[in-house]
1. Only one residue in Lys108, Lys129, Lys98 is part of a helix (DSSP H, G or I), modelled with pLDDT under 95 and either under 20 Å from the mean Cα position of the chain (by Cα) or not polar (S, T, N, Q) (or both), so which one is that?
2. Could we say that Ile21 is modelled with pLDDT under 85 and part of a helix (DSSP H, G or I) here?
3. Restricting attention to the stretch 62-92, which residues are surrounded by fewer than 20 Cβ atoms within 10 Å (Cβ to Cβ) and either of a type in the set (Gly, Ala, Ser) or on the phi > 0 side of the Ramachandran plot (or both)?
Amino acid sequence: MLNNSDTILIHKILADAEKKIKDELNVRCKVEVTEVISYGISDYYINHCLNRWQVNMAYIRQKKGDKHHIALRQILCFILRKETKLTYNQIAKLLNIKDHGTVINAIKRFNNYIATNDPYLLQFYNPVKELVTSIPHK
């Protein structure tokens with residue numbers, strides 16, 4: 001979650017943006033944050049996985065249904081739900097997934113694949129599975 005200094009910085013940036021728009025375009029406006037997609041410790045998990053998989057967040061957030069995208073999102077859903085206090089809705093927003101039901105389904109499918117030792121999923125899960133048991137936090 002955002003701390004007080006983060007909130008102050010965000011308000012300063014927004015005030016600066018409003019002033020710049022007024023000065024350069026001669027238009028008065030109100031710039032607001034409608035949603036902050038960062039939930040503190042979740043960034044640690046996401047960045048760790050992205051680095052191991054050598055992909056970026058834009059890749060994960062793409063609305064693609066191919067096997068690779070699905071596998072990575074399922075793993076992230078599982079890790080984020082198990083290791084953070086994020087709700088299913090927060091995970092959905094963070095990963096650009098349709099809704100909380102899709103997150104629940106992704107976690108169920110992940111658990112089924114792990115139970116059957118699915119080799120395709122395991123090739124992505126094995127490099128990051130230490131996250132589920134060890135972390136420098138909480």
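1. Numbers: Lys108 fails: modelled with pLDDT under 95; Lys98 fails: part of a helix (DSSP H, G or I).
Result of the check over Lys108, Lys129, Lys98: Lys129.
2. Numbers: modelled with pLDDT under 85: no; part of a helix (DSSP H, G or I): yes.
Against the criterion (modelled with pLDDT under 85 and part of a helix (DSSP H, G or I)), Ile21 does not qualify.
3. Selection gives Gly65 alone.
Residues checked against (1) assigned to a helix (DSSP H, G or I); (2) at pLDDT below 90; (3) of a type outside the set (Val, Ile, Thr):
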residue	(1), (2), (3)
Val27	no, yes, no
Asp43	yes, yes, yes
Cys49	yes, no, yes
Val55	no, no, no
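The values are calculated or read from the model by the stated rules, or taken from the named source; none is laboratory data. From a predicted model like this one, the values you see are computed outputs, not experimental measurements. Cβ sites come from the backbone with ideal geometry, for glycine too, and all protein chains shown count toward neighbours.
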